[in-house]
Amino acid sequence: MRYHNITKDDMLNGDGLRVVLWVAGCNHCCKGCHNPVTWDPNGGLEFDDASKKEIFDELEKSYISGITFSGGDPLHMSNAYEVTELAKEIKEKFPKKTVWLYTGALWEETKRMELINYVDVLVDGEFECDKKDANLHWKGSSNQRVIDVKETLKTGNIVLHA
Ligand code: SF4
């Protein structure tokens with residue numbers, strides 16, 4: 001897996017202060033994408049032990065609410081396996097921290113993936129320029145959904161994050 005950045009004390013990509021991993025690789029090609037430099041799975045830097053330590057050091061801090069996976073698309077074929085392993089390890093080591101994940105895929109396409117077991121909030125769907133609205137919370141266009149994964153799995157119906 002490759003990535004572009006690890007941002008810290010981030011307030012724009014989920015609840016609280018978060019560490020955000022911006023992975024490389026996306027094939028959704030949304031018109032108006034804010035981050036097309038991240039589409040190339042060969043771009044950026046290799047995600048290695050030092051990168052992982054950088055994330056875990058952040059998660060050790062009591063004021064950090066959790067991690068957000070973004071990009072790029074964490075579910076791109078070049079990322080999905082490693083993101084799954086990473087999210088699993090984070091949930092084991094930091095059970096009180098939340099995991100958010102942004103993807104261009106839909107909930108219906110992802111709900112049976114192992115990774116979903118380690119995700120608290122999934123922001124799904126491609127960015128649609130004509131549905132863009134700066135007032136939306138945690139998402140760029142109104143077609144996207146900020147899904148409470150645990151409640152959705154429990155009830156069988158999509159429950160949006162409050
Ligand atoms: S899914 Fe996200 S990163 Fe990928 S093209 Fe769409 S807006 Fe850009």
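The values are calculated or read from the model by the stated rules, or taken from the named source; none is laboratory data. Keep in mind that what you see is a predicted model, and the values were worked out from it rather than measured. All Cβ positions, glycine included, derive from the backbone under ideal geometry; neighbour counts span all protein chains shown.
The set of residues in the stretch 31-68 that are closer than 30 Å to Asp133 by Cβ and small (Gly, Ala, Ser) comprises Gly32, Gly43, Gly44, Ser65, Gly66. When each of Phe69, Phe47, Phe56 is tested for being within 13 Å of the ligand (Cβ to nearest atom) and not small (Gly, Ala, Ser), the lone residue that passes is Phe69. Listed by first and then second residue, the pairs with beta-carbon distance under 9 Å, at least 6 apart or on different chains, first residue in the stretch 94-123 and of a type in the set (Gly, Ala, Ser), second in a strand (DSSP E or B), are Gly104/Asp124; Ala105/Asp124.
Comparison of Asn13, Asn35 shows that the only residue that is within 13 Å of the ligand (Cβ to nearest atom), at pLDDT below 95 and surrounded by 13 or more Cβ atoms within 10 Å (Cβ to Cβ) is Asn35. Tallying residues that are within 24 Å of Lys61 (Cβ to Cβ), aliphatic (A, V, I, L, M) and in contact with a Ser or Thr (Cβ under 8 Å, 6 or more places away or on another chain) within the stretch 1-38 yields 7. On the stretch given as the stretch 120-134, residues that are closer than 20 Å to Thr98 by Cα and within 11 Å of the ligand (Cβ to nearest atom) total 2. Pairing each residue of the stretch 137-151 that is among the polar types (S, T, N, Q) with any residue that is part of a helix (DSSP H, G or I) and modelled with pLDDT of 95 or more, provided the two are 6+ apart or on different chains, yields C-beta distances under 9 Å for Ser141/Cys129; Ser141/Asp130; Ser141/Lys131; Ser142/Lys131; Asn143/Lys131; Gln144/Lys131. Pairing each residue of the stretch 26-53 that is more than 23 Å from Glu89 (Cβ to Cβ) and touching a residue at least 12 places away in the same chain (Cβ under 8 Å) with any residue that is away from the ligand (no atom under 11 Å from the Cβ) and among the aromatic types (Phe, Trp, Tyr), provided the two are 6+ apart or on different chains, yields no C-beta distance under 8 Å. Evaluated against (1) more than 20 Å from Val83 (Cα to Cα); (2) of a type in the set (A, V, I, L, M, F, W, C); (3) crowded, with 17+ Cβ neighbours inside 10 Å, Val23 falls short on exactly one condition, (1). Is one or more of the residues making up the stretch 61-75 surrounded by 16 or more Cβ atoms within 10 Å (Cβ to Cβ), charged (D, E, K, R) and modelled with pLDDT of 95 or more? Scanning the stretch 61-75, I find at least one residue that is surrounded by 16 or more Cβ atoms within 10 Å (Cβ to Cβ), charged (D, E, K, R) and modelled with pLDDT of 95 or more, so the answer is yes.
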